[in-house]
1. Which order do A:Cys396, A:Cys29 fall in if you start with the one that has the fewest other Cβ atoms within 10 Å?
2. Taking other Cβ within 10 Å of each residue's Cβ, how do B:Lys159, B:Lys294, B:Lys460 sort, fewest first?
3. Using the 7 Å Cα-to-Cβ label point, sort the distances from B:Leu2 to its equivalents in the other copies shortest first and give them in nm to one decimal.
4. Of A:Val5, A:Met196, A:Val317, which is farthest on the positive side of the dipole of chain A, counting Cα position, with +1 on Lys and Arg Cβ, -1 on Asp and Glu Cβ, and the Cα centre as origin?
5. To the nearest 20 debye, what charge dipole does the protein assembly as shown have about its Cα centre, counting +1 at the Cβ of each Lys and Arg and -1 at the Cβ of each Asp and Glu?
6. With the Cα gyration tensor of the protein assembly as shown giving a ≥ b ≥ c as the square roots of its eigenvalues, does the rule (a/c under 1.5 for rounded; else a/b larger than b/c for prolate; else oblate) give rounded, prolate or oblate?
7. Between helix B:491-514 and chain B, what is the angle of the helix's C-alpha long axis to the longest principal axis, kept within 0 to 90° and rounded to the nearest 10?
8. From the Cα gyration tensor of region B:2-240, with a ≥ b ≥ c the square roots of its eigenvalues, which class applies: rounded if a/c is under 1.5, or else prolate if a/b is larger than b/c, or else oblate?
2 protein chains.
Amino acid sequence: MLEKVDLTKKLSKEEYKAKMPMLETKLSCLQRQCREMKIPVIIVFEGYGAAGKGLQIGKLIHGMDPRGFEVYTVKKETEEEAMHPFFWRFWTKTPAKGRIAIFDGSWYRKVLIDRFEKRTKERELPEAYYSICSFEKQLTDDGNVVIKFLLDIDKKEQKRRLEKLKGNKETAWRVSQGDLERNARYREYQTMMEEMLQKTDTDYAPWTIIEATDKRFATVKIYTTVIRILTEKIEKVKKEKAKLRATEVLDEIEEQKKETDMQQKEKQQIRELQESILAKADLTLSLTKEEYKKKLKKLQKKLEILHGELYRRRIPVVLGFEGWDAAGKGGAIKRLTEKLDARGYVVTPIASPNDIEKAHHYLWRFWKAMPKDGHIAIFDRTWYGRVMVERIEGFCTKEEWQRAYKEINDMEKDLADAGAIVLKFWMHIDKEEQKKRFTARQETPQKQWKITEEDWRNRKKWDQYEEAVNEMLLRTSTEYAPWVVVEGNSKYYARIKVLQTVAEAIEKRIKEERK
Amino acid sequence: MLEKVDLTKKLSKEEYKAKMPMLETKLSCLQRQCREMKIPVIIVFEGYGAAGKGLQIGKLIHGMDPRGFEVYTVKKETEEEAMHPFFWRFWTKTPAKGRIAIFDGSWYRKVLIDRFEKRTKERELPEAYYSICSFEKQLTDDGNVVIKFLLDIDKKEQKRRLEKLKGNKETAWRVSQGDLERNARYREYQTMMEEMLQKTDTDYAPWTIIEATDKRFATVKIYTTVIRILTEKIEKVKKEKAKLRATEVLDEIEEQKKETDMQQKEKQQIRELQESILAKADLTLSLTKEEYKKKLKKLQKKLEILHGELYRRRIPVVLGFEGWDAAGKGGAIKRLTEKLDARGYVVTPIASPNDIEKAHHYLWRFWKAMPKDGHIAIFDRTWYGRVMVERIEGFCTKEEWQRAYKEINDMEKDLADAGAIVLKFWMHIDKEEQKKRFTARQETPQKQWKITEEDWRNRKKWDQYEEAVNEMLLRTSTEYAPWVVVEGNSKYYARIKVLQTVAEAIEKRIKEERK
C-alpha cells in the first residue's frame, strides 16, 4: 500500500483557513450525536517518528468537547503493565458507550517498534496479528467505531524533522536514539509497516493513510475522514433502529407462535442427542468428615507454600467458579483461600453488570480484574454468564452468545500466553440435591439471605441451563484453560477436589519451569 | 474439547428404527426448501480412520434427493491438484446456490493427516489455519451453510475396527499403513485434532462432535444436527426476507432524499483529499514508432525464452488487466502473447457473470481459471470488478465490496504462497484521450463493434470510477501482488511497459530461485 502514496500533497494556508471552521463545527456536532446515540469511538494514530502524531491529535481534539474523550499515550509498557497480559492495558482503556478514546501509539506497537527493537520475536508475530484482529473485531462487533490513521512521511523528510528537533534545545529531548535508528533503517521499518497494513486492513477496521508531509493537508484529511466515518456510522445506526421498529411487529408475531407438541417433542429428542458432559458426572462420590478434615489440612498447607512459590516465580493464576445455585461455590472458595496470604489473591464476586459496566464490552469488567504476575484472581461467577444467563434470559442476541465462545477462548488464550494458569470449575449437583439445599436455607434463619425468589425461578429453567452448560463446557474446555466438573452432592468431596486440582495445576507448572 | 466427549453413548435398534423414517422425511423436505430458497450447503466429515465417515455419508444421502448433491472424497492430492494452490480444488467444488456438497475428508487434511505425516511443516500451520478460517468466512458471508462433523472414537475402538477390516480379505485393502500408524500414535494425532478444533470452531462454522462408537447413535445425531442447522438457516433467511420487505419503504425514502448542494460540495471536497494514485501518472510518456518496434521485438523474444524457463521451473503466472474503456488492454495482451507458445498460456476474457457463475461465490469463476504450475493465466478484466463496476452499479452491497479488498488480498496471497507470480495492470488514459478513441472507433467501420452505448454511460461515471480505482489500487497493492499503473495515452509506451514489467518480474523470480 505505502508505495502508492503521494507524499507531495499539500494545502495552502488560505484553503486551510477556509475549511477548518466548518470542519470543527461539524466534528463537534457529530461528537454530540455519538454521545446521544451511545456510540463508542476509538481513534488510533500510528506512523513514523516526527510525522506529527502529537500535533495532529492536538488539532483534532480542538474540535471536540473535552468532556467526551480521553487521550492515551502508548509508550514502552510500565512496570504495572508488564505484569499483565499485553492486551490488558488496551481492554481497560476501551471507551464507554458514547465516549471517544484517542490513542497516540497503540497495540500496533507490538508489531512495529517492539518488533523493530526485537522485543517482539518473529515467531510471536502470527499470534500478535491474530490477537490484534480479534481485539478490533470484538469491539466493532459490539458497536465501537475504530478509526486507524497511519501518518506517512518519507525518509528525507523524517531526517529533516528529527534534525530540526535536535537542533533546538527545547525539543532535543523528544528525539530518541530509537527515532534515529528507525530513520537510518527507514526501509526496514517501512517493510514492517507494510506487512502490518496488509495483515490488519480489515473491512471492520480499515486503515487510512495520511500524507503527512504537509501538516495542513494532514489535519484536513484527518478531520474529513473522522467526519465521514462518524456520519456513516450514525446513518447506519439510525437506519438499523428504523428497521428494528419496522420489524418489531414481525418479531412479535414470531414470538406469539406457540410451539406445537410435535416441535416440543423434537426439541426434547435433540436435547437427548446433544453433549451430556454433566450426565457423566458421578454424583455419588463423597468423603467422610474425618477424611475431609485430614485432606483439607494437608492441602491448605500445601497451597500456602505453593502460593509463595507462585509469587516468587511471578506466575499469575485465574480461577473461575460457575455452577448451579447452592452448589457450593462459596464454600469451596472459602476453603481455598482460608490459609492464603491475603495480599496475594483477590476474590471478585460477579453480579449483574452495573451501569458503567453495561456501557462497555461485556469482557471489559473481567479484563480489569485480571491478576498481576504472581497473583491469584478468583471469580465467583464469571464471563461465562454471557453463554448462560444472558443466553437464556435473552439479555444478548443469539449471534452475540454464539460469537462469545470464540471471544472467550481468545481471551483465555491471551491470558495463558502471558503465562497465567487458567482453570474453570463447574460445581455440579443434581436437581434433588438443590431442592434439599434450598429448603434447608429457607428453614435456617441465618441462611435465609442466601435464597431468593430468583433462585426458584432459575430452577424452573434447569433443562435450558443444562443444555447451555453442556455446550459451554464442550466449546470452551481447552488445553490452556480446561473446565473441571466438580461432583458436588458431597460438599466435602467437592471442596477437596477443587483444592487438589488447583494444587496439582500449580505443581505441574512449577515442575515444567524447573525443566 | 475432545476430553469432554462421552464415547459410550448408544441407541437401541428399536429406538433407531422408530426415529429414522421421520428424520429422513424431514431432511428431504429441508433439502427441497434449500433448493427453492437457493441456499448452498457444505457438509464436512472429518474424524479418525475407521470412525465410519463413509458409512455415515451413505446413511445421510439416503434421505436426500440424489439430483441435489455431490459427494467429494478428499485423498492425497492428484497430480493436477498438486500443480495448483491448495485451496483451488476446494474453491472449484463449492456448491452452486441451492445445492449440497458433502466432503469425505476436506481442507482440514492439511492440518491433520498432512501434518501428522509431516507434509505440512509446523511453520506453515498459522497460515493454514488463517486460510481455512478465511475460506469458511467468505463462504458463509456469501450465504453458504457450513456444517462440520468430527467423528470421534477412542484408541481401543479404532484398533478393534482396523483389525476387523484387516481380517477380512474383502476389506483389508481399506486399512492403510497410515491408519495403523495413526492408531499407534493415537494421542499425538488427537492433540493435533484438539488444536484444529480450537483454532477453527467459529460462530460462522462451528464443529459438531459425533460420538461414533455406536453407529446408530452417530447416524441419528448427524441427521438431527443437519436438520436443526438447516431449519435455523431457513427460518433466518425467511425472516430476513420479511424484514427486507418491511424496510423497502424505508430504503426508498432514503433514496429519494435528494442530496443538497452543500452535501455535494462536501463530497467533492472529500474526493480531493483522498488517494490520488491515478493523478500521479505521467500521461505524457511516449515512444516513437521506431523505438517501439525495436523494443517490442527484443522483449517478445525475451519473453519467449522466459516462458520456456517458467515451464521448466513450474512457476505459474497470473496477470490481471484492468483499465478505462479503450485504454488498450486488448492491444497490450495481444503484444504480450503474440510470440508465446500457445500451449503455455490462456487468456480469459471476463464479461458479466453468467447464470452458473452467478449461482456461486464471486471468486469461484476466477479460482477455476487459475493456472497450473508452469502456465500463464491472463485475465482481460478480473475479480476487481467487485470493487469497481459492482460497487458503482450497486450489484453488491456496501458491506460486500468493503469486505472484498481483504478477500481478494487473501486469494492473491494463497496464489503467491503457492509460488505464483501475480501482477495486476491498470491501463490508464485521461478523459480526453478516451473521448478521442471512442470517436475514432465510431468512425472506423471495422472498429464500431468495440464501442457501445454502455461505454458512453460508463464514461459519465468517470469521477465515481476514479474514486473507486484509487481506493482499490491503494488497498490491494501488496508486495506479493503489486498493481502497476500503465501510462497509456501513448499505446506504444504502454505496451512496452507491460511487456517489460512482466519480463522483469519473471527474471527477478528466476534469479531468486537460482540463489
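Each value in this text was obtained by applying a stated rule to the coordinates, not by laboratory testing. Small disclaimer: the values here were computed from a predicted structure and weren't measured. No Cβ is skipped: glycine too gets one built from the backbone with ideal geometry, and neighbour counts run over all protein chains shown.
1. Exposure proxy ranking, most exposed first: A:Cys29, A:Cys396.
2. The fewest-first ordering by Cβ neighbours comes to B:Lys460, B:Lys294, B:Lys159.
3. Relative to the other copies, B:Leu2 has label-point distances of 4.3 nm.
4. Of the listed residues, the answer is A:Val317.
5. Using Cβ point charges on Lys, Arg, Asp and Glu, the protein assembly as shown gives about 1640 debye.
6. prolate
7. 40
8. oblate
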